[in-house]
Amino acid sequence: MSSLLLSPSDLLDQISTGFYRRGVDYQRSGRVLSSATQHRGWSAIVTGRVSGSGDHVYTVYVQLERDAHDFVSVDGDCSCPVGYNCKHVVAVLLEEAQKRDAGTAVGPGEGGAASPDNTLLETWAS
Ligand SMILES: [Zn+2]
């Protein structure tokens, strides 16, 4: 009940299908250089760096917030020309979801206030 789940449908509601697909490709091809999650109660901050086209490295900063209807809003800023909820944002979110799956996600304690059953991202990729 205190989990913060971001489902693929939440993402697709807020991010265009084209960006979503390209984000999946980016994540699969290992373009996410680093990523991290900080839980803050009902919200979370996900940050990361993504290798873009050419030599560019883009910085991603995503705010996730869950409302009373369990809908998780995605507010993703990126340093690329698109700048908002782009493929880089998708790639970083997927990378974090995969880390959770592998059991190496940033756990509670590192940010302080998170409860043990706080879950940021539902794992869906494949
Ligand atoms: Zn971007």
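Kindly evaluate Q38 against the criterion of being part of a helix (DSSP H, G or I) and either in contact with a strand residue (DSSP E or B) (Cβ under 9 Å, 6 or more places away or on another chain) or closer than 18 Å to R100 by Cα (or both).
Details: part of a helix (DSSP H, G or I): no; either in contact with a strand residue (DSSP E or B) (Cβ under 9 Å, 6 or more places away or on another chain) or closer than 18 Å to R100 by Cα (or both): yes.
No.
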Fill in the blank from the handout: Within the range 8-27, residues being under 10 Å from A91 (Cα atoms) and exposed (fewer than 14 other Cβ atoms within 10 Å of the Cβ) number 2
Handout entry: Flag for Q63 being closer than 19 Å to R100 by Cα, in a strand (DSSP E or B) and within 12 Å of the chain's Cα centre (by Cα)
Key = yes
Practice task
Only residues that are more than 16 Å from the ligand (Cβ to nearest atom) and surrounded by 17 or more Cβ atoms within 10 Å (Cβ to Cβ): list them for the range 46-95, please.
Solution key: L64, R66, V72
Practice task
Considering every residue within the range 44-62, establish whether at least one is without any contact (Cβ under 8 Å) to a residue 24 or more places away in the chain, of a type in the set (D, E) and on the phi < 0 side of the Ramachandran plot.
Solution key: yes
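Just so you know, all these numbers are worked out from the coordinates, no wet-lab data involved. The structure presented is a predicted model; accordingly, all values stated were derived computationally and were not measured. In this analysis, Cβ positions are derived from the backbone assuming ideal geometry, glycine residues included, and neighbour counts consider all displayed protein chains.
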